[in-house]
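Heads up: the structure comes next, in structure tokens.
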Amino acid sequence: MSNYPDLQLYIGGAWRRTSDTLPVVNPVDESVIGATPVATERDLDDALTAAADGLKVWSRTAPSQRARIIRKAAALMRERIDEIAFDITREHGKPLAQAHLEVIRGCEFFEWDAGEAQRTYGRVIPSEPGTRYVVHHQPIGTVAAFSPWNFPMSQPARKVAGALAAGCSIILKAAEETPAGALHIARAFHDAGLPAGVLNLVFGVPARISEYLISRDQVRLIAFTGSTAVGKHLAGLAAQHIKPVLMELGGHAPVIVCDDTDPARAGEISAIRKARNAGQVCTSPTRFFVDEKSFDAFSASFVERAKAVTIGNGLDASTEMGPLANHRRIEAMEVLVADAVASGARLVAGGERIGNRGYFFPVTVLTNVPDSARIMQEEPFGPLAVINPVASLDEAIEKANSVPFGLAAYAFTDSAANVDRLTEEIEAGNLSVNTLEASVPETPFGGIKESGYGREGGTEGLTHYTVVKNLSHRMSV
């Protein structure tokens, strides 16, 4: 397998190095495996100019041609899946099998939005004779996009896919901690023949780049996936310039387990999903509200499976869960566990760092956690689960809605009546019943409340990347 890639910026269809870099650390052993280039203001100015030039070409490119290039790039990424997945596992730590699935998922985003490029329909509004009212959807312009470290390839893919399908140019600031996925996306589009300047890739200090780009006139939309705190800051910067934002922010997903489902099976499924990506997923199931009649069986099943999760190097085929991405996540887990236990919660699995080299932390389970504990209001973004009994569906829904987040929610039930209530009453942008899959490319994904606004995927996915223009046309004066 090849070495970790030589990381460079991609601006105006050309690669460039920088004198200033940031280390890329392998979370398995804390070794430095690469160097992420840090963009200067001159690099950003060049990216803005390139994006403006690219927009002139790409926005006037036929949707069918845009779709052809996007699909070609996706096909190249599928061909290179082993190389991309290997790089992702080394920089992020996730098991190689999960990295493969991430690459496939990213390609599916491109393939879906390529089709949507040809379906951004307008409409003709009925009018009096001699007059036509026609609604057009046009590319919004240059997009400044910011993607997080937890999914190095699929998260940038969502932003790039939406922007390019809509006819926009984009400046992507990808995560400096896990940069290889975005680099492979840029390589694929370069090789697929994307016109110069349509896609530009930069890395660097997040605050400096975001503040610089958002304030520039060339940027017409800010697309961000990340924490609620950072999202609020970026939205505030955008508001100063009256610029729209697409925000996919934090979550704290509840799981309601009703008394009419198989609690042991639900517990096993839940523990497996909690370990996915080491819990570093904005849609990760975290707060489990289990009917008190099923609580013991669900908890026992969950804990048994959680303790059985094989933790290790993601390059080992037997590994089910790799390390956390960085030392900050270890510290966050330790603080939340200590606070919960001090508040009266029971620690029934995990709870302590594994070893002293590499960022390994086990699937950790807390039960009977009081509402006053921090974990009941703060997203852990790690392999930490809370299991609490509830006396009724009413109580479960109330507790599920008690946080300021509303991204994903889940439930296990075989009752159509329960599903109807949950659909109407749960405050979340995505509700999944008897499955812990929050979204697929053909469905809209996004949150409510402090989990953000706007949607990615589905027929709604290109909405924020376009502007609506109404044409009023009288045939003669």
Handout entry: Cross-chain or 6+ apart pairs with Cβ under 8 Å, the stretch 319-346 first and more than 11 Å from PRO27 (Cα to Cα) and not assigned by TED's automatic domain parsing to the domain that holds ARG374, then modelled with pLDDT under 95 and not acidic (Asp, Glu)
Key = none
Fill in the blank from the handout: GLY358 fails exactly one of (1) surrounded by fewer than 18 Cβ atoms within 10 Å (Cβ to Cβ); (2) at positive phi, namely (1)
Handout entry: Lone unmet requirement of (1) touching a helix residue (DSSP H, G or I) at 6+ places or on another chain (Cβ under 9 Å); (2) under 17 Å from SER215 (Cα atoms) for VAL25
Key = (2)
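Given the structure, is GLY406 farther than 21 Å from GLY279 by Cα, touching a residue at least 12 places away in the same chain (Cβ under 8 Å) and under 15 Å from the mean Cα position of the chain (by Cα)? Please lay out each step first, then the result.
Working: farther than 21 Å from GLY279 by Cα: no; touching a residue at least 12 places away in the same chain (Cβ under 8 Å): yes; under 15 Å from the mean Cα position of the chain (by Cα): yes.
In short, no.
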Problem - In the stretch 296-306, residue farthest from ALA264 (Cα to Cα) [restricted to those that are among the hydrophobic types (A, V, I, L, M, F, W, C) and surrounded by fewer than 21 Cβ atoms within 10 Å (Cβ to Cβ)] - result: VAL303
Practice task
Under 8 Å between Cβ atoms, at least 6 apart or on separate chains: pull out the pairs that start in the stretch 157-169 with a residue that is closer than 10 Å to GLY106 by Cα and end on any residue that is of a type in the set (Lys, Arg) and surrounded by fewer than 24 Cβ atoms within 10 Å (Cβ to Cβ).
Solution key: ALA157/ARG105
Fill in the blank from the handout: Within the stretch 434-452, of all residues that are more than 14 Å from the chain's Cα centre (by Cα) and acidic (Asp, Glu), the one farthest from GLN377 (Cα to Cα) is GLU442
Problem - Single match in GLU304, GLU268, GLU292 (criterion: under 28 Å from the mean Cα position of the chain (by Cα) and either at pLDDT below 95 or among the charged types (D, E, K, R) (or both)) - result: GLU268
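Somewhere in the stretch 149-160, is a residue touching a Phe, Trp or Tyr at 6+ places or on another chain (Cβ under 6 Å) and in a helix (DSSP H, G or I)?
Taking the stretch 149-160 and keeping what is touching a Phe, Trp or Tyr at 6+ places or on another chain (Cβ under 6 Å), we get 157-158.
Adding the requirement that they be in a helix (DSSP H, G or I) leaves 157-158.
Yes: the stretch 149-160 contains one or more residues that are touching a Phe, Trp or Tyr at 6+ places or on another chain (Cβ under 6 Å) and in a helix (DSSP H, G or I).
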Fill in the blank from the handout: Residue set THR49, THR89; condition closer than 28 Å to ASN150 by Cβ, of a type in the set (Ser, Thr, Tyr), in a helix (DSSP H, G or I) and modelled with pLDDT of 95 or more; output residue THR89
Practice task
Considering every residue within the stretch 232-247, establish whether at least one is closer than 26 Å to PHE86 by Cα and buried (at least 22 other Cβ atoms within 10 Å of the Cβ).
Solution key: no
Problem - Elements of type helices (runs of 4 or more DSSP H) in the stretch 200-312, at least 1 residues being polar (S, T, N, Q) and over 27 Å from ASP46 (Cβ atoms) - result: 228-240, 263-275, 295-308
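The values are calculated or read from the model by the stated rules, or taken from the named source; none is laboratory data. What you see is a predicted model, and the numbers here were worked out from it, not measured in a lab. No Cβ is skipped: glycine too gets one built from the backbone with ideal geometry, and neighbour counts run over all protein chains shown.
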